Amino acid sequence: MTGNSFGTLFKITTCGESHGGAVGVIVDGCPAGLAISENEIQHELDRRKPGQSSITTPRSEHDKIHILSGVFEGETTGTPILLLAYNADMRPEDYDALKNVYRPSHADFTYMMKYGRRDFRGSGRASARETLARVAAGAIAKKFLKQFNIEIFSYVEQVGNIISEIDYKKVKRADIESNIIRCPDALVAKKMIALIETVRDEGDSIGGVIKCVIRHVPAGLGEPVFDKLSADLGKAMLSINAVKGFEIGSGFSGVTMRGSEHNDPMTMHEGKPQFTSNNAGGTLGGISTGEDIYFRVAFKPVATISKLQHTITQENKSCSLEAKGRHDPCVLPRAVPIVDAMAALVIMDHYLRHKAKG
Ligand SMILES: Cc1cc2nc3c(=O)[nH]c(=O)nc-3n(C[C@H](O)[C@H](O)[C@H](O)COP(=O)(O)O)c2cc1C
């Protein structure tokens, strides 16, 4: 299996499965002298962990992170950083019924076609437990970017057909964390939670949209042509489990506008160039403009549901499936820190690449 690494100068390599011994990540290319602690990384992991509320999976994984190399006396040394979380609360028997059956819309069939074998206990490498490693590495990137006042936050904007119209410019971090769905719009959050509870009680699942905002990115980050900042953000987001869509700036809504409406006019403000609108979403030609970068990420309703479904066995025989086990009815609240982390990894990598040019 290749494709376990991400990034160029700031590079991560993840390993581990949901029901193996541990999930880990090697973070390579972090400059020396960055103060980082297990507690800071743990804070981000606790936002991702299962069992954090009534609308996430009841699995109670503690995801305790260990820094095993690359940090000395509380600061990075410039050498590879190894972060590891041992797996706990494993109940492989939950997956016995899935041993020979392909779950519709999960990765069981494609892993089998590609490798001729698969770890059926919690989907092995296709399990979102792998994203624990990304969130841990992302905590380091977030801390690095904070030194330059670069701020990243994400929130749930839509669940099913319930949409928050909140203006991202008014969103405060505390409002995102003020409810279990991580939507800063309190009234809409209540409706989203009620919908997820209904879906959960029906043994079903539901998807939604996360919005991510990155503030104070200087103009100039991004490497045309194939490593555009927008393209790398797109790849980062589309690499997250269950993501089906990515749009930056005006995205798909831009297609109904005229150029005269969509163009972002430029002006001078206190001696500095400025854009008076931001349909671009903070990048032009794959390079950051200095405006807010904002994008939306669409998550599907996840595959494992306890409703009756038709599928086939590994022996190509028709069968039906009512999945048992402890699954997420809606992954959106747990995916917020994953989106944050992937955004941080991309921005830190491009920050270092831009600086390396001198
Ligand atoms: C935080 C998070 C938790 C997830 N939990 C589940 C789950 O409980 N059950 C499930 O079927 N899929 C879950 N998924 C999605 C699967 O990992 C994913 O759908 C699967 O690997 C197939 O890949 P794809 O949907 O990206 O094509 C989760 C995804 C995320 C981001």
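What follows draws every value from the coordinates through simple rules; no lab data is involved. Values in this document were obtained by computation on a predicted structure and should not be read as measured data. Every residue, glycine among them, receives a Cβ derived from its backbone with ideal geometry; neighbour counts consider all protein chains shown.
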Could you work out how far the C-alpha centroid of segment 1-65 sits from that of segment 125-191, in angstrom?
16 Å
For segment 64-202, inverting the pair-averaged 1/r of distinct alpha-carbon atoms gives a Kirkwood value in Å of 19.0 Å
For a quick check: with amide H placed at 1.01 Å from N, whose amide H comes under 5 Å from His19's, ignoring anything fewer than 5 positions away on the same chain?
Gly124
Ranked from fewest to most other Cβ atoms within 10 Å of their own Cβ, Met268, Met192 fall in the order Met268, Met192
About the Cα centre of the chain, what is the dipole size in debye to 20, counting +1 per Lys and Arg Cβ and -1 per Asp and Glu Cβ, all else neutral?
420 debye
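Using the beta-carbon distance between Asp167 and Leu308 and R0 = 51 Å, what value does 1/(1 + (r/R0)^6) give for FRET efficiency, to the nearest 0.05?
E between Asp167 and Leu308, to the nearest 0.05, is 0.75.
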Using alpha carbons only, what's the Rg to Rh ratio of segment 311-358 with Rh from Kirkwood?
1.39
What are the principal axis extents of the Cα atoms in segment 148-209, in Å, biggest first?
46, 21, 18
Quick one: what Rg and Dmax do you get for segment 32-139 from the alpha carbons, in Å?
16.9, 50
Stick to the Cα atoms of segment 134-290, pair each with every other, and give me the Kirkwood hydrodynamic radius in Å at one decimal.
17.7 Å
Please list the three semi-axes, largest first and in whole Å, of the ellipsoid equivalent to the chain, using sqrt of 5 times the eigenvalues of its alpha carbon gyration tensor.
34, 26, 19
Tell me, in nm to one decimal, what length is gained between Asp204 and Lys146 on full extension, where the rule is 0.36 nm per residue of separation less the Cα-Cα distance?
17.0 nm
Alpha carbon Rg of segment 241-293, scaled by the compact-globule rule 2.2 N^0.38 Å:
1.32
Dipole of the chain [Lys/Arg +1, Asp/Glu -1 at C-beta], most positive-end residue of Gly234, Met112, Thr289:
Met112
Can you tally the net charge around Ser69? Count Lys and Arg as +1, Asp and Glu as -1, for every other residue whose Cβ sits under 14 Å from the Cβ of Ser69.
-4
Taking only the Cα positions of segment 242-358, the convex hull volume per residue in Å³ is 203 Å³
In whole Hz, what ³J(HN,Hα) sequence does segment 161-178 give by Karplus (6.51, -1.76, 1.60; θ = phi - 60°), x for Gly and Pro?
9, 9, 10, 8, 9, 4, 7, 4, 5, 9, 7, 10, 3, 5, 5, 5, 7, 7
Between helix 186-201 and the chain: long-axis angle, C-alpha atoms, 0 to 90°, nearest 10
20 degrees
Step through the residues of segment 95-108 one at a time and calculate ³J(HN,Hα) from phi using the Karplus curve (6.51 cos²θ - 1.76 cosθ + 1.60, θ = phi - 60°), rounding each to whole Hz and writing x for Gly and Pro.
9, 3, 5, 9, 3, 10, 10, 8, 6, x, 6, 9, 8, 4
Which order results if Ser306, Ser253 are arranged by neighbouring Cβ count within 10 Å, fewest first?
Ser253, Ser306
For segment 262-318, what Kirkwood radius comes out of the mean inverse Cα-Cα distance, in Å?
16.0 Å
Among residues other than Gly203 whose Cβ falls under 12 Å from its Cβ, what is the net charge (Lys/Arg +1, Asp/Glu -1)?
-1
May I ask for the angle, rounded to the nearest 10°, between helix 38-48 and the longest principal axis of the chain, with both axes built from Cα atoms and the value confined to 0 to 90°?
70 degrees
Distance cut-off 26 Å, Cα to Cα: go down the list Lys143/Lys300; Lys49/Lys169; Lys114/Lys244; Lys146/Lys190; Lys11/Lys170; Lys172/Lys307 and report the pairs above it.
Lys143/Lys300; Lys49/Lys169; Lys146/Lys190; Lys11/Lys170; Lys172/Lys307
In a solvent-free Debye calculation with one equal scatterer on each Cα, what is log10 I(q)/I(0) for segment 32-80 at q = 0.20, 0.24, 0.26 Å⁻¹, listed in the order of the q values?
-0.69, -0.83, -0.91
Hey, if you drop one equal point scatterer on each alpha-carbon of segment 180-227 and run the Debye formula without solvent, what base-10 log of I(q)/I(0) do you get at q = 0.19, 0.23 Å⁻¹?
-0.72, -0.90
